[in-house]
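Accompanying notes for the structure given below.
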């Protein structure tokens, strides 16, 4: 078992707490004093900048640093901003080989600071947003990818039933349900004919592997959602669990490997393992000999992504998008679908 990671450097810088995210700081101090072991000193609060759906804050007191995640203010959809699920997965994984920050408590009493919130350790480390890792020594690039595969293998090896997560999602039939869901989403948002997307719509339901393996899946397993040790090529925290659920492990692995099939693949460079090498690293970490039907899993990943981007493009046309860039997404949908269909046809 790994040690708890060092007490996460922010993925973004910090700013003063935004006006619309302010809360009763005195009430928070009182609650921390009563519920956070070892808490003492004057509290300084900063907000992490960036577009997180759940406001995130840096708490400093008595020479110690913590991270607080809370729901945003205002009326929320019942299943949105589920920080309770985030807290639950952190607690379930804290005694496993999956590196996560130590979570101290969850407060669901909205009378304290206006919404539910939880507090966890602040982890010092590095976040890499460039998959090529071009600013690192060549030997560290491969080591980081190897550790990324180790962490994913460790996650998929966790006994979710033993950890009390049997109801964290729906076990079984994962790809059947996902293909149905994203087909429906795509058809509702469809604006133009895409030959490759039509081909995927027909091919995917007929080629779902007969494999109901169920594990915890992260849902957004990428390098940029990992925190690495300040100087070593070692992951100290896997973050951003908002899309986690029970599902098929190949959904995570294929999503993690989609970059190998895009223009980004041409910039990965020396030291970064090839797709075959990276998949082999994962297999070694999980005791697998090989992965059958790999082309299906990757093709599905591109199909799902194309469906999501089509939805963004449709909202742009309807004038409901959050960014003007949505109107430029038409070609991106086409290219994404083309890539997925090419992978499906490759048969490997």
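The values are calculated or read from the model by the stated rules, or taken from the named source; none is laboratory data. This one's a predicted model, so the numbers in the text were calculated from it and none came from an experiment. Neighbour counts run over all protein chains shown; Cβ positions are idealised from the backbone, glycine included.
Structure summary
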quantity: Every residue from the stretch 72-90 that is over 14 Å from the mean Cα position of the chain (by Cα), surrounded by fewer than 20 Cβ atoms within 10 Å (Cβ to Cβ) and modelled with pLDDT of 90 or more; calculated: 84
quantity: Residue count, the stretch 119-141 (criterion: in a helix (DSSP H, G or I) and under 19 Å from residue 227 (Cβ atoms)); calculated: 2
quantity: Test for residue 312: is it assigned to a helix (DSSP H, G or I) and over 27 Å from residue 134 (Cβ atoms); calculated: yes
quantity: Matching entry among 98, 29 (being at pLDDT 95 or above, surrounded by 15 or more Cβ atoms within 10 Å (Cβ to Cβ) and out of contact with any strand residue (DSSP E or B) (no Cβ under 8 Å at 6 or more places or on another chain)); calculated: 29
quantity: Flag for residue 264 being closer than 30 Å to residue 190 by Cβ and assigned to a helix (DSSP H, G or I); calculated: yes
quantity: Test: residue in the stretch 268-276 that is part of a loop (DSSP other than H, G, I, E, B), in the same structural domain as residue 144 (by TED's automatic domain parsing), within 30 Å of residue 90 (Cα to Cα) and touching a helix residue (DSSP H, G or I) at 6+ places or on another chain (Cβ under 7 Å); calculated: yes
quantity: Residue in the stretch 100-118 that is assigned to a loop (DSSP other than H, G, I, E, B), assigned by TED's automatic domain parsing to the domain that holds residue 234 and within 24 Å of residue 285 (Cα to Cα) present; calculated: no
quantity: Every pair of residues 6+ apart whose Cβ atoms lie under 7 Å, when the first sits in the stretch 335-348 and is buried (at least 18 other Cβ atoms within 10 Å of the Cβ) while the second is in a loop (DSSP other than H, G, I, E, B); calculated: 337/194; 339/262
quantity: Hits in the stretch 32-45 - residues which are farther than 16 Å from residue 60 by Cβ and within 30 Å of the chain's Cα centre (by Cα); calculated: 35, 37
quantity: Which numbered condition residue 311 misses (of (1) surrounded by fewer than 18 Cβ atoms within 10 Å (Cβ to Cβ); (2) closer than 30 Å to residue 70 by Cα); calculated: (1)
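Yes or no, residue by residue, for (1) within 16 Å of the chain's Cα centre (by Cα); (2) at pLDDT 95 or above; (3) buried (at least 21 other Cβ atoms within 10 Å of the Cβ); (4) part of a loop (DSSP other than H, G, I, E, B):
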site	(1), (2), (3), (4)
154	yes, yes, no, no
182	no, yes, yes, no
202	no, yes, no, no
213	no, yes, no, yes
240	yes, no, no, yes
